[in-house]
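As structure tokens, the structure follows; a few thoughts come after it.
The values are calculated or read from the model by the stated rules, or taken from the named source; none is laboratory data. What you are looking at is a predicted structure, and each value in this text was computed from that prediction instead of being measured. Counting neighbours? That spans all protein chains shown, and the Cβs are built from the backbone with ideal geometry, glycine included. Heavy atoms of the whole protein, side chains included, go into the accessibility calculation; ligands, DNA and RNA do not. Shrake-Rupley method; radii C 1.70, N 1.55, O 1.52, S 1.80 Å.
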Amino acid sequence: MTREEFLTLCRDDVRIAIECNIDREPTAIALDARVVERRVVASQVKNLQRCRLKHPTLYAARCILPDRSVEQSSSEACAAAKPLRGESLLDMTCGLGGDTIELSRRFSHVVALERDEVLADVVRENLRRLGITNVDVVTASAEEYLERCDEHFSAIIVDPDRRISERRSVRLEDSSPNVVALMPRMRQVAEQIAIKCSPLFDVDEARRLFADCSVEVVSLRGECKEVNIYIGLSEPHLSAVAVGRARYDARCESIGELPLPESFRASDYRYLITPDVALQKARLVRHSLCGVADCWSENSFGFAMQSVEGRIDVVGRVEPIRSIEPLDWKSLKRRYGGRGVDIVLRDCPLDVKLIHKRLSTRSGSDYRLAFTRICGTIYCICLG
């Protein structure tokens, strides 16, 4: 966003135009000569409509939403799930301010760093519209601020930029700021540190980089949204958080201690459990189901002898099994060829396109088939 666009969006007549057109199609606004600054208004209405569910607080206050910041920002619900609180917070990568705004409710004082001068002004204006007065937005890079910082904070939160080159990277060493290089200084400045990583970031990589860390995988509506690293909050552990549904914690050293399940007898099981994606990403599926009676899992799907629908200790979808058998292409093609099939894969070397091709099926809802590898053998599970 340019400074000219920012100043335009601060004008009263433009704010009124946005409010009057908030429910219209942005393309129709852009073509309507009666709308003042119609292209700027159309762009802002589009971003506000996109953020209606993702950032309801920003939407309700009709905050200014730059295009790139909207794309990169995490949701308000994910920000609310972070277990940070204390006296003072340093947000080293403010961006649109989603984490800053949510966490300002749990800290007495927040310092938010944003090196882009225009975006820093956008955040200041949005904080004003929201009535938030305990946040100081500082126009500086994380490296610059840490070098001269003489203040001690209760916590630091940082969301490194992974788009610093043409190819996006999930490695923390390739992101900006480089939190691996800055970690010694960050530990001097704050008691607690939170690092927000890509949903593709591997939980084992976090333990390799920071031996004393906890790792939290966060999902929202069945999609993995964040992998968060926490240092100094608690004893090291792994967590899977399905926002708005459940949280599962496990001590890191206990993960590898679970014995592998006994050999799989397909005829014993009548229900399939598709665990929440956060459990799978954190490799906690088997760990989470080990206390559920008559359940079996290697670490992808879970299998139950009796229905576990509605149990609070089962985080995922539960479906009855019609049949379960080792993969036999010819048999499956005779049964499902030409039909519409919804395909689900977990821990399986196949892909959906290949399965449809081999079975002569199409995407549809006549049948729902799950494919997974169990004790080295690929199984097909018919559900419903």
Inset, instruction - Could you name every one of the strands (runs of 3 or more DSSP E) located completely within segment 87-179 that has at least 1 residues being farther than 29 Å from residue 209 by Cβ? - result: 107-113, 135-138
Legend entry - Residues (more than 10 Å from the chain's Cα centre (by Cα) and either part of a helix (DSSP H, G or I) or buried (at least 24 other Cβ atoms within 10 Å of the Cβ) (or both)) located in segment 193-212: 193, 194, 195, 203, 204, 205, 206, 207, 208, 209
Inset, instruction - Could you tell me whether segment 215-227 includes any residue that is more than 17 Å from residue 280 (Cβ to Cβ) and open to solvent by 10 Å² or more (accessible area, probe 1.4 Å)? - result: no
Inset, instruction - Search segment 95-154 for residues being free of Cβ contacts under 8 Å to residues at least 60 places away in the same chain and of a type in the set (Ser, Thr, Tyr), and hand back the single one that is most open to solvent (accessible area, probe 1.4 Å). - result: 133
Inset, instruction - Would you confirm whether any residue within segment 74-94 is closer than 26 Å to residue 179 by Cα, of a type in the set (Ser, Thr, Tyr) and touching a Pro at 6+ places or on another chain (Cβ under 9 Å)? - result: yes
Inset, instruction - Could you grab me the full set of residues in segment 343-367 that are touching a Lys or Arg at 6+ places or on another chain (Cβ under 9 Å), under 24 Å from residue 264 (Cβ atoms) and assigned to a strand (DSSP E or B)? - result: 343, 344, 346, 367
Legend entry - Every residue from segment 287-300 that is farther than 16 Å from residue 237 by Cα and surrounded by fewer than 24 Cβ atoms within 10 Å (Cβ to Cβ): 290, 291, 292, 293, 294, 295, 296, 297, 298, 299, 300
Legend entry - Residue identified as open to solvent by 10 Å² or more (accessible area, probe 1.4 Å), of a type in the set (Gly, Ala, Ser) and without any contact (Cβ under 8 Å) to a residue 24 or more places away in the chain among 28, 61, 81: 28
Inset, instruction - Answer yes if at least one residue in segment 307-316 is among the β-branched types (Val, Ile, Thr), more than 18 Å from residue 374 (Cβ to Cβ), out of contact with any Leu (no Cβ under 7 Å at 6 or more places or on another chain) and surrounded by fewer than 13 Cβ atoms within 10 Å (Cβ to Cβ), and no otherwise. - result: yes
Legend entry - Check on residue 70, in a helix (DSSP H, G or I), in contact with a Pro (Cβ under 8 Å, 6 or more places away or on another chain), over 30 Å from residue 234 (Cα atoms) and of a type in the set (A, V, I, L, M, F, W, C): no
Legend entry - Members of segment 47-58 that are surrounded by fewer than 20 Cβ atoms within 10 Å (Cβ to Cβ) and closer than 21 Å to residue 121 by Cβ: 57
Inset, instruction - Those residues that are open to solvent by 50 Å² or more (accessible area, probe 1.4 Å), in a helix (DSSP H, G or I) and not basic (Lys, Arg), I need them from segment 181-192; list them, please. - result: 181, 184, 188
Inset, instruction - For segment 317-338, indicate whether the set of residues that are among the small types (Gly, Ala, Ser), under 25 Å from the mean Cα position of the chain (by Cα) and in a loop (DSSP other than H, G, I, E, B) is non-empty. - result: no
Inset, instruction - Mind listing whichever residues of segment 228-243 are more than 13 Å from residue 284 (Cβ to Cβ) and within 15 Å of the chain's Cα centre (by Cα)? - result: 228, 229, 243
